[in-house]
Amino acid sequence: SDEFEAGAYVMYKKLHQKKVFSYNTAHGMSYGCPHLYYSSFQVYNKSQKKYYSLKSDYVDYIVKERKNINIDKNLINLENKYNIAVVYLEANFKKLNMKYESNLELEIINVLNDVNKIDKQVDIYIKLHPNNLNGDTGNLNKLLSFEKIKAKKIIFLCYLSAAYYDYKHLGNFIFVEDDYVKSNTFYGENNLVSVKIDKLKEHILERVHN
């Protein structure tokens, strides 16, 4: 996975000229430099393919969701209406120096802390990105293993994270949306539940009690 590297285009163009086959798998849900020179490129969804095809339509694209982990679906009780856990999937924005996204993530964490103060019956966790396991949890409980919340119904909270594909079979999702990125467009799916930050607290409280 190196589509985010500036020199990848030059290197793979030279390999192509020497008739060397190259296969790249998208590192995550990034939309990087659209100029590519892979022989074949596996992306997560149709939106990624559409984006990269605009400048690199000669690449053979393979659209395939990728899971980086394997968790038994039977571990989770999807029908439980009274024992609920909310899990925010942190996306390593601060470590990558993505200031806008980091600030929005901080707002999300603040909302979850407010929810935790209002309703002590709901367990709230943060699942840190694998490259940021020692990151700041913002006073939220760190989720290290799903064994900790087995038999609970999980509501995942997500903002621009490929972890959606890892956990979508384990619970319902709420996508935080802003004025710049629309979740349905980003993930290439219709009918995703998307909520803006100013409505997030209200929406979470409504979801956990219905």
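The values are calculated or read from the model by the stated rules, or taken from the named source; none is laboratory data. Treat the numbers as computed from the prediction; the structure is a model and nothing was measured. Every residue, glycine among them, receives a Cβ derived from its backbone with ideal geometry; neighbour counts consider all protein chains shown. Note: areas computed on protein heavy atoms with side chains; ligands, DNA, RNA excluded. Shrake-Rupley method; radii C 1.70, N 1.55, O 1.52, S 1.80 Å.
Residue count for the stretch 3-34 under the criterion of being open to solvent by 30 Å² or more (accessible area, probe 1.4 Å), touching a strand residue (DSSP E or B) at 6+ places or on another chain (Cβ under 8 Å) and within 25 Å of Glu90 (Cα to Cα): the result is 1.
Quick one: in the stretch 89-130, which of the residues that are closer than 17 Å to Lys153 by Cα, without any contact (Cβ under 8 Å) to a residue 40 or more places away in the chain and not polar (S, T, N, Q) is most open to solvent (accessible area, probe 1.4 Å)? Per the stated criteria, the residue is Lys120.
Of the residues that make up the stretch 188-206, is at least one assigned to a loop (DSSP other than H, G, I, E, B) and either buried (at least 20 other Cβ atoms within 10 Å of the Cβ) or among the basic types (Lys, Arg) (or both)? Break it down stepwise before answering.
Restricting attention to the stretch 188-206, the residues satisfying the condition of being assigned to a loop (DSSP other than H, G, I, E, B) are 188-193.
Subsequent filtering for residues that are either buried (at least 20 other Cβ atoms within 10 Å of the Cβ) or among the basic types (Lys, Arg) (or both) retains none.
Scanning the stretch 188-206 turns up no residue that is assigned to a loop (DSSP other than H, G, I, E, B) and either buried (at least 20 other Cβ atoms within 10 Å of the Cβ) or among the basic types (Lys, Arg) (or both).
Identify all residues within the stretch 109-141 that are within 27 Å of His27 (Cα to Cα) and touching a strand residue (DSSP E or B) at 6+ places or on another chain (Cβ under 6 Å); write none if there are none. Steps first, please.
Of the residues in the stretch 109-141, the ones within 27 Å of His27 (Cα to Cα) are 109, 125-138.
Tyr125, Ile126, Lys127, Thr137, listed by residue number.
Within the stretch 183-209, which residues are in contact (Cβ under 8 Å) with a residue 40 or more places away in the chain, over 22 Å from Val122 (Cβ atoms) and not β-branched (Val, Ile, Thr)? Across the stretch 183-209, the qualifying residues are Phe186, Tyr187, Gly188, Glu189.
Listed by first and then second residue, the pairs linking a residue in the stretch 168-182 that is surrounded by 15 or more Cβ atoms within 10 Å (Cβ to Cβ) to a residue that is among the polar types (S, T, N, Q), with Cβ atoms under 7 Å apart and 6 or more places separating them unless they lie on different chains, are Phe175/Ser183; Phe175/Ser194; Glu177/Ser183; Glu177/Ser194.
Search the stretch 1-28 for residues that are acidic (Asp, Glu) and pair each with any residue that is in a helix (DSSP H, G or I) when their beta-carbon atoms are under 7 Å apart and the residues are at least 6 apart or on different chains. Qualifying pairs under 7 Å: Asp2/Ala8.
Considering only the stretch 35-49, how many residues are surrounded by 21 or more Cβ atoms within 10 Å (Cβ to Cβ) and farther than 19 Å from Val10 by Cα?
Pass one, the stretch 35-49, residues surrounded by 21 or more Cβ atoms within 10 Å (Cβ to Cβ): 36, 38, 41, 43-44, 48.
Still in the running and farther than 19 Å from Val10 by Cα: 43-44, 48.
Residues in the stretch 35-49 being surrounded by 21 or more Cβ atoms within 10 Å (Cβ to Cβ) and farther than 19 Å from Val10 by Cα: 3 in total.
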